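These notes concern the structure reproduced below.
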Amino acid sequence: RPRLDVTPRISGIFRDAFPNVVELIDKGVQMAAALHEKPAMNFLRAHVLDDMAAYKQDGMNQDEAFRQATLRLFGAPPGAYGAGVAALIEAKNWKDIHDIGDVFVGWSSYAYGKGVQGIKQESTYRRLLGRMDVTVKNEDSREYDMMSCTDFYSFHGGLIAAVRSVRGQAPESFSGDSSDPERVKIRTAAEEAKHVFRSRLLNPKWIKGLMRHGYKGAGDISKAVDVAFGWDATADVVDDFMYERLAKRVAFDPEVREWMSRVNPTALHNIAEKLLEAITRGMWNAEEQTHQELMQLYLEAEGDVEQATDSYAVEDSP
């Protein structure tokens with residue numbers, strides 16, 4: 001099979017803990033690009049040769065053009081961590097996929113490798129994103145999944161959003177599961193989202209288990225809704241029926257609703273707010289009755305939060 005052209009997006013922790021591995025991968029890229037193989041059997045070399053021709057036109061010599069064309073490892077600025085996407089979405093400071101893509105690129109376009117320690121290379125990174133056909137994120141444990149925390153959609157979802165923004169179309173996106181090395185599974189990001197919804201987020205046993213943990217359990221359910229929303233904003237993997245079932249299982253379930261109102265009204269308020277935001281942004285084409293019920297829930301939860309805040313203020317007063 002042909003050699004593929006792969007662009008890893010490394011984390012800040014990987015950058016700091018394994019600088020030797022970063023340089024080793026970079027060396028491997030240059031070695032593969034230097035092989036005299038047919039372009040059809042070495043996509044990396046084909047792309048490097050095309051990019052070198054462009055860089056030479058910009059005034060670079062042969063060695064400079066080769067070094068620039070073989071940059072493949074990118075991450076956050078030196079000393080920084082994250083991809084910036086979760087903070088953007090939580091702050092509601094975005095309008096469309098281009099806003100999300102721009103933030104991801106701004107945080108992720110620093111090149112690393114031999115002699116290249118976090119140099120800003122936005123134009124080169126956008127060139128690579130523009131021909132990226134596939135994105136992949138593998139997990140080697142089932143103790144967590146793509147809906148476990150905001151990092152998952154910030155990194156992989158952010159990459160998908162960046163490719164969508166630069167290319168004008170979404171890449172094929174896959175989630176790997178190598179928790180059992182003897183039975184490695186590959187699903188599309190959309191399939192994995194449905195899998196996690198069915199197995200965990202909508203699972204009555206999962207919700208019942210969290211209900212034993214009071215305030216913290218309610219907060220974890222609320223956070224799961226945040227993460228699902230973030231995945232939909234970045235990668236468009238949450239369908240209308242998934243939002244509908246999530247609302248029925250959590251927001252509209254009388255037992256869960258009463259429990260949340262009692263132990264953590266802020267969590268219930270956040271869930272209603274996030275689901276309403278999905279409707280407002282056109283991410284969820286909800287029925288009007290559902291919309292109105294969520295509005296009523298939001299207002300009631302807001303009242304519960306204010307009441308709880310007032311009671312705390314009275315208790316804390318001298």
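The values are calculated or read from the model by the stated rules, or taken from the named source; none is laboratory data. Please read all numbers here as calculations on a predicted model, not as lab measurements. Backbone-built Cβ (ideal geometry, glycine too); neighbour counts: all protein chains shown. Protein only, heavy atoms only, side chains kept; ligands, DNA and RNA dropped before computing areas. Shrake-Rupley method; radii C 1.70, N 1.55, O 1.52, S 1.80 Å.
Cβ-Cβ contacts under 6 Å between residues 6 or more apart (or on different chains), taken from a first residue in the range 141-168 that is within 19 Å of HIS98 (Cβ to Cβ) and at pLDDT 95 or above to a second residue that is in a loop (DSSP other than H, G, I, E, B) and open to solvent by less than 50 Å² (accessible area, probe 1.4 Å), are listed as SER154/ALA83; PHE155/ALA83; GLY158/ALA83; VAL163/MET132; VAL163/PRO171; VAL166/GLY130; ARG167/GLY130. Within the option set LEU246, LEU210, LEU275, being within 28 Å of ALA87 (Cβ to Cβ), free of Cβ contacts under 8 Å to residues at least 24 places away in the same chain and open to solvent by less than 60 Å² (accessible area, probe 1.4 Å) holds for one residue only, LEU210. Is it true that some residue in the range 181-197 is loosely packed, with under 14 Cβ neighbours inside 10 Å, out of contact with any Asp or Glu (no Cβ under 9 Å at 6 or more places or on another chain) and over 23 Å from ARG249 (Cβ atoms)? Among the residues of the range 181-197, at least one is loosely packed, with under 14 Cβ neighbours inside 10 Å, out of contact with any Asp or Glu (no Cβ under 9 Å at 6 or more places or on another chain) and over 23 Å from ARG249 (Cβ atoms), which makes the answer yes. Kindly check whether there is at least one residue in the range 27-35 that is open to solvent by less than 80 Å² (accessible area, probe 1.4 Å) and in contact (Cβ under 8 Å) with a residue 40 or more places away in the chain. Checked against the condition, which is being open to solvent by less than 80 Å² (accessible area, probe 1.4 Å) and in contact (Cβ under 8 Å) with a residue 40 or more places away in the chain, the range 27-35 yields at least one hit. On the stretch given as the range 79-109, residues that are over 17 Å from VAL227 (Cβ atoms), out of contact with any Phe, Trp or Tyr (no Cβ under 7 Å at 6 or more places or on another chain) and of a type outside the set (Asp, Glu) total 11. Consider the range 85-95 and keep the residues that are open to solvent by 30 Å² or more (accessible area, probe 1.4 Å) and under 15 Å from the mean Cα position of the chain (by Cα). The one that is farthest from LYS274 (Cα to Cα) is ALA87. Residue selection: ARG281 satisfies the criterion of being under 24 Å from LYS95 (Cβ atoms) and among the basic types (Lys, Arg). Regarding VAL134, is this residue open to solvent by less than 20 Å² (accessible area, probe 1.4 Å) and more than 13 Å from the chain's Cα centre (by Cα)? The answer is no for VAL134. Take the conditions (1) assigned to a helix (DSSP H, G or I); (2) farther than 19 Å from VAL238 by Cβ; (3) touching a residue at least 12 places away in the same chain (Cβ under 8 Å); (4) of a type in the set (S, T, N, Q); SER123 misses just one of them, which is (3). Taking the condition of being open to solvent by 30 Å² or more (accessible area, probe 1.4 Å) and not polar (S, T, N, Q), how many residues in the range 153-179 meet it? Within the range 153-179, residues that are open to solvent by 30 Å² or more (accessible area, probe 1.4 Å) and not polar (S, T, N, Q) number 8.
All of ARG3, ARG15, ARG9 fail the test of being in contact with a Ser or Thr (Cβ under 7 Å, 6 or more places away or on another chain) and surrounded by 15 or more Cβ atoms within 10 Å (Cβ to Cβ), apart from ARG9. Of all residues in the range 46-77, exactly one satisfies the criterion of being open to solvent by less than 40 Å² (accessible area, probe 1.4 Å) and more than 21 Å from TYR110 (Cα to Cα), namely ALA46.
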